[in-house]
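Chemist: Before we start, here is the structure in question, set down as structure tokens.
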Amino acid sequence: MSGRHVAVVGGGIAGVCAAAWLQAHGERVTLFEKEAYLGGCAATFYHKGRYFNAGATTFAANGAGLPVYEFVRSLGVEVGAIESSPALEVRWADQKITCSQDEERFLKELQAAMPAWGHPLFWGLVRMLNKLFYRYLPTIRYTRSRLSLLSFWRLGLAAGWAALIPASWALRLFYPRMSRVYRQFLDAQVRIVAQTTTSEVSLLTAALALGYTKLPTGLIMGGMGLALERLAASVSDLALHVKVLSIEKAANRFTIISSRGREDFDRVICALPLAVAIDVLQGEAKHWVRRYYHDVDQGAFTLYLTLAPEIRLSHHTQILMPATPEGAISDAIFVSASDPDDPRMSPGGSQSVTISIHTRPSFWEGLSKERYRAAKEKLTQTLLEHFCATLALPKEKILTYVAATPKTWQRYTGRASVGGFPLYYRYPFWKMMPNDSPIPGLYFVGESVFAGQGWLGIIIGVANLAKVYDV
């Protein structure tokens, strides 16, 4: 074991997972987080006597042989995950489709709701591409060297064609007359993972986004923040409520200037959003990050609810709406509910619920105080109405609710845009920022770095970091 002193800057999923892995492999780790709690956009916060998950709670790919499960198992940490079955319920009007590992049930419900001859063929293709991707994922080693693309040769031979063609081509083949609601059904799921729609991604990206509900999926008891606290328990120096102001490289050392002073480190793992990283990195590192950063005007409008104890919601539900409401850029909302048997998140059986929809931060920034309050209240009531109507839930069963706009996210997390960069077809994975850099000892992980957002994308990125980091 080397025992080098390594700084991990950023205490979200990426930073915590990277710090836990480094600590387990003999490094002496200081984890910097500017807030008094871990999690970033995946934090669990306390508000008026209740715990809420700040964002969606899907603990995807939590099955034997899959990235999230195998990574957590390798650390020997029990994060408190239970199975979430089904992985997702998609609902609209009086219709419901259950997205789960039960393919027969899924296709039967899909055919009944939106009949089409192409369903078995298209979803069989989705299943096949997912199997190929996860089979060959362990052989991939993505670095800043273009030669690293050779490590994709097995996946390339098996499914590379799907990364080279737009999803829209395949959809036209299987669905020459696609209904509006079916496209909405597909786009809503793709946006969860890829931050965009089927018209702008490759077939492989669409297949992976649609396929996550066919994998074992979990929910964290006690909240996402508690899982991160358990993963970070082994970190030798947990520097909470410490803001990093500058990261400088000098000779073979890094100097970090933070709110607790000036400290030297052998290596640095930057787990910050790239927009924030540009502000704190200096010299060549700053220029390196700018090569990969592009502005994304996309964030989340979020509602946090508590429900009456007699109400029981599935862990994850997506609700399709007839139109995109004012202030949003999506016509679907994602509903994450705590488990009713979770004493921390659902005291007395009263579930905590997070409802989110995509929005543009620029929309909220440009409003006067009066128009901001009016737009916030209007979107809040629109989402509550669709939520209650679709789930046949009397509004009086909502005990409390509070709304958060991108300005709220900015206040509490330091960023108005949340989620990784959209995985556009014109921005393929080989253009994503790698986990290593030309500055010796400086590495990157996170939702805007290879391989993307969410537990699954971030842990794939941390696993790739493990392949390029010399221990």
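The values are calculated or read from the model by the stated rules, or taken from the named source; none is laboratory data. None of the values given here were measured: they were computed from a predicted structure. Note that we place each Cβ from the backbone using ideal geometry, even for glycine, and neighbour counts take in every protein chain shown. Accessible surface is based on the protein model in full, side chains and every heavy atom, while ligands, DNA and RNA are left aside. Shrake-Rupley method; radii C 1.70, N 1.55, O 1.52, S 1.80 Å.
Chemist: Going by the conditions given, is Ser246 under 16 Å from Leu442 (Cα atoms) and among the hydroxyl-bearing types (Ser, Thr, Tyr)?
Modeler: Working: under 16 Å from Leu442 (Cα atoms): yes; among the hydroxyl-bearing types (Ser, Thr, Tyr): yes.
It is true that Ser246 is under 16 Å from Leu442 (Cα atoms) and among the hydroxyl-bearing types (Ser, Thr, Tyr).
Chemist: Being open to solvent by less than 30 Å² (accessible area, probe 1.4 Å) and assigned to a loop (DSSP other than H, G, I, E, B) is the filter here; which residues of the stretch 408-420 pass it?
Modeler: Matches in the stretch 408-420: Ala416, Val418, Gly419, Gly420.
Chemist: Name the single residue that is surrounded by the most Cβ atoms within 10 Å (Cβ to Cβ) among those in the stretch 182-208 being in contact (Cβ under 8 Å) with a residue 24 or more places away in the chain and β-branched (Val, Ile, Thr).
Modeler: First, the residues of the stretch 182-208 that are in contact (Cβ under 8 Å) with a residue 24 or more places away in the chain: 182, 184-189, 191-196, 198-208.
Pick out the ones that are also β-branched (Val, Ile, Thr) and you get 192-193, 196, 198, 201, 205.
Numbers: Ile192: 25, Val193: 25, Thr196: 21, Thr198: 23, Val201: 29, Thr205: 26.
Step by step, filter the stretch 182-208, then rank; the result is Val201.
Chemist: Kindly provide the set of residues from the stretch 425-440 that are assigned to a loop (DSSP other than H, G, I, E, B) and either surrounded by fewer than 19 Cβ atoms within 10 Å (Cβ to Cβ) or aliphatic (A, V, I, L, M) (or both), ordered by number. Spell out how you get there, then give the answer.
Modeler: Applying the first criterion (assigned to a loop (DSSP other than H, G, I, E, B)) to the stretch 425-440 yields 425-428, 432-435, 437-440.
Within the stretch 425-440, Arg426, Tyr427, Pro428, Met432, Met433, Pro438, Ile439, Pro440 meet the criteria.
Chemist: For the stretch 214-241, give me the residue count where each residue is among the basic types (Lys, Arg) and open to solvent by 50 Å² or more (accessible area, probe 1.4 Å). Break it down stepwise before answering.
Modeler: Keep residues of the stretch 214-241 that are among the basic types (Lys, Arg), which gives 214, 230.
Those still in the list that are open to solvent by 50 Å² or more (accessible area, probe 1.4 Å) too: 230.
So the count comes out to 1.
Chemist: Would you check if there is a residue in the stretch 303-320 being open to solvent by 10 Å² or more (accessible area, probe 1.4 Å) and over 26 Å from Ala60 (Cβ atoms)?
Modeler: Taking every residue of the stretch 303-320 in turn, at least one turns out to be open to solvent by 10 Å² or more (accessible area, probe 1.4 Å) and over 26 Å from Ala60 (Cβ atoms).
Chemist: Now for a different question. I'd like to check something: does the stretch 441-458 contain any residue that is over 23 Å from Pro138 (Cβ atoms) and open to solvent by 20 Å² or more (accessible area, probe 1.4 Å)? Spell out the reasoning first.
Modeler: Within the stretch 441-458, the subset over 23 Å from Pro138 (Cβ atoms) is 441-442, 448.
With open to solvent by 20 Å² or more (accessible area, probe 1.4 Å) added as a condition, the list becomes none.
No; the residues of the stretch 441-458 include none that is over 23 Å from Pro138 (Cβ atoms) and open to solvent by 20 Å² or more (accessible area, probe 1.4 Å).
Chemist: What's the total number of residues in the stretch 1-20 that are of a type outside the set (A, V, I, L, M), open to solvent by 10 Å² or more (accessible area, probe 1.4 Å) and closer than 20 Å to Val242 by Cα?
Modeler: Looking only at that region, the number is 2.
Chemist: If you go through the stretch 27-62, how many residues are part of a loop (DSSP other than H, G, I, E, B), over 21 Å from the mean Cα position of the chain (by Cα) and modelled with pLDDT under 95?
Modeler: From the stretch 27-62, those part of a loop (DSSP other than H, G, I, E, B) are 27, 34-38, 43, 48-49, 54-58, 60-62; that's our starting set.
Now restrict to residues that are over 21 Å from the mean Cα position of the chain (by Cα): 27, 36, 48-49.
Restricting the remaining residues to those that are modelled with pLDDT under 95 gives 36, 48-49.
Qualifying residue count, the stretch 27-62: 3.
Chemist: Continuing with the same structure: Do you know which residues across the stretch 300-338 are closer than 17 Å to Cys41 by Cα and either free of Cβ contacts under 8 Å to residues at least 40 places away in the same chain or hydrophobic (A, V, I, L, M, F, W, C) (or both)?
Modeler: Those that are closer than 17 Å to Cys41 by Cα and either free of Cβ contacts under 8 Å to residues at least 40 places away in the same chain or hydrophobic (A, V, I, L, M, F, W, C) (or both): Ala300, Phe301, Leu303, Phe334, Val335, Ala337.
Chemist: Need the failing condition index for Gln23 against (1) open to solvent by less than 10 Å² (accessible area, probe 1.4 Å); (2) in a helix (DSSP H, G or I), just the number.
Modeler: Failing condition for Gln23: (1).
Chemist: OK, next. What do you reckon, is Asp470 in contact with a Lys or Arg (Cβ under 8 Å, 6 or more places away or on another chain) and either within 20 Å of Ser151 (Cα to Cα) or open to solvent by 30 Å² or more (accessible area, probe 1.4 Å) (or both)?
Modeler: Numbers: in contact with a Lys or Arg (Cβ under 8 Å, 6 or more places away or on another chain): no; either within 20 Å of Ser151 (Cα to Cα) or open to solvent by 30 Å² or more (accessible area, probe 1.4 Å) (or both): yes.
Criteria not met by Asp470.
Chemist: Let me ask something else. I'd like the full set of residues that are open to solvent by 20 Å² or more (accessible area, probe 1.4 Å), of a type outside the set (Phe, Trp, Tyr) and in contact (Cβ under 8 Å) with a residue 24 or more places away in the chain, limited to the stretch 90-111. So that I can check it myself, show each step before the final result.
Modeler: Taking the stretch 90-111 first, the residues open to solvent by 20 Å² or more (accessible area, probe 1.4 Å) are 91-96, 101-105, 107-109, 111.
Add one more test, that the residue is of a type outside the set (Phe, Trp, Tyr), and what stays is 91, 93-96, 101-105, 107-109, 111.
Selection gives Arg91, Ala93, Gln101, Glu103.
The rows are residues; the columns are (1) within 30 Å of Leu171 (Cα to Cα); (2) part of a strand (DSSP E or B); (3) among the hydrophobic types (A, V, I, L, M, F, W, C); (4) touching a strand residue (DSSP E or B) at 6+ places or on another chain (Cβ under 9 Å).
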residue: Leu210; (1), (2), (3), (4): yes, no, yes, yes
residue: Leu219; (1), (2), (3), (4): no, yes, yes, yes
residue: Leu238; (1), (2), (3), (4): no, yes, yes, yes
residue: Phe254; (1), (2), (3), (4): no, yes, yes, yes
residue: Trp288; (1), (2), (3), (4): no, no, yes, yes
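Chemist: Could you please give the count of residues in the stretch 62-80 that are more than 30 Å from Ala403 (Cα to Cα), among the small types (Gly, Ala, Ser) and open to solvent by less than 30 Å² (accessible area, probe 1.4 Å)?
Modeler: 1
Chemist: Give me the pairs: first residue in the stretch 232-253 and free of Cβ contacts under 8 Å to residues at least 24 places away in the same chain, second residue assigned to a strand (DSSP E or B), beta-carbon distance under 8 Å, and six or more apart or on different chains, which are they?
Modeler: From the stretch 232-253, the pairs are Arg253/Asp264; Arg253/Phe265.
Chemist: I've got another one for you. Tell me which residues, restricted to the stretch 112-128, are touching a Gly at 6+ places or on another chain (Cβ under 9 Å) and either open to solvent by 80 Å² or more (accessible area, probe 1.4 Å) or of a type in the set (S, T, N, Q) (or both).
Modeler: Residue satisfying the conditions is Arg127 alone.
Chemist: Another question about this same structure. Test of understanding: among Arg373, Arg360, which residue is in contact with a strand residue (DSSP E or B) (Cβ under 9 Å, 6 or more places away or on another chain), open to solvent by 60 Å² or more (accessible area, probe 1.4 Å) and among the basic types (Lys, Arg)? Please lay out each step first, then the result.
Modeler: Details: Arg373 fails: in contact with a strand residue (DSSP E or B) (Cβ under 9 Å, 6 or more places away or on another chain).
Result of the check over Arg373, Arg360: Arg360.
Chemist: Right, next: Go through (1) within 17 Å of the chain's Cα centre (by Cα); (2) assigned to a loop (DSSP other than H, G, I, E, B); (3) without any contact (Cβ under 8 Å) to a residue 60 or more places away in the chain and name the single condition Asp297 misses.
Modeler: All conditions pass for Asp297, except number (3).
Chemist: Follow-up. Being open to solvent by 10 Å² or more (accessible area, probe 1.4 Å) and either closer than 14 Å to Ile439 by Cβ or outside any helix (DSSP H, G or I) (or both) is the filter here, so list the residues in the stretch 259-277 that pass it. Break it down stepwise before answering.
Modeler: So in the stretch 259-277, the residues open to solvent by 10 Å² or more (accessible area, probe 1.4 Å) come out as 259-264, 266-267, 271-273, 275-276.
If the condition is that a residue be open to solvent by 10 Å² or more (accessible area, probe 1.4 Å) and either closer than 14 Å to Ile439 by Cβ or outside any helix (DSSP H, G or I) (or both), then Ser259, Arg260, Gly261, Arg262, Glu263, Asp264, Asp266, Arg267, Ala271, Leu272, Pro273 are the ones that fit.
Chemist: Could you grab me the full set of residues in the stretch 137-193 that are under 30 Å from Ala300 (Cα atoms), β-branched (Val, Ile, Thr) and outside any helix (DSSP H, G or I)?
Modeler: Once the filter is applied, which keeps residues that are under 30 Å from Ala300 (Cα atoms), β-branched (Val, Ile, Thr) and outside any helix (DSSP H, G or I), the stretch 137-193 yields only Ile165.
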